[in-house]
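Below is one structure, written out as structure tokens, with a few remarks after it.
Read-outs: derived from the displayed coordinates by stated rules, not from any lab. Note that the structure is a prediction, hence the values are computed from the model and not measured. We place every Cβ from the backbone using ideal geometry, glycine too, and count neighbours over all the protein chains shown.
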């Protein structure tokens, strides 16, 4: 095992170490003054059941950061393994929703079709955290896909799917 002390000169080593932890992939959407906006994230996590709170983190260097940090509501979409093109699309840019079916959700945020689960949230708090902001949302409405499907995962800089041991 290679040990190191994280510092600005060792960001590649830190990214590789953090990449050992596989995560799910989510798409966050919000309605902004410039129209619908989306961002792919692997930082989604549940926080509390009472009240129902979730969080995700946005890089402060992202051109989309300020719009999401200021949004009064947003929607978190848990993506299926078949939605890798959707994840890659919104990782690269955030304004073009034309290739995908979507509706305006109960809180006004764009809601894409075919996701494993969706969480409509009102903004609860935004906290500065180094080079990211932690964005907390209070879930006001949720939905889950009735049939089972593999979730899209991200590990070591690559997308994939979970394969259970039998």
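Miscellaneous remarks
- Among residues of region 128-166, those that are assigned to a loop (DSSP other than H, G, I, E, B) and in contact with a strand residue (DSSP E or B) (Cβ under 9 Å, 6 or more places away or on another chain), counted: 5
- Options 41, 26: the member that is out of contact with any helix residue (DSSP H, G or I) (no Cβ under 7 Å at 6 or more places or on another chain), free of Cβ contacts under 8 Å to residues at least 40 places away in the same chain and closer than 23 Å to residue 153 by Cα: 41
- Some residue of region 115-124 being within 14 Å of residue 24 (Cβ to Cβ), in contact (Cβ under 8 Å) with a residue 60 or more places away in the chain and either in contact with a helix residue (DSSP H, G or I) (Cβ under 8 Å, 6 or more places away or on another chain) or not in a strand (DSSP E or B) (or both): yes
- Near pairs, Cβ below 9 angstrom, 6+ apart or cross-chain, from region 129-155 (on the phi > 0 side of the Ramachandran plot and free of Cβ contacts under 8 Å to residues at least 12 places away in the same chain) to any residue that is outside any strand (DSSP E or B) and surrounded by 13 or more Cβ atoms within 10 Å (Cβ to Cβ): 130/60
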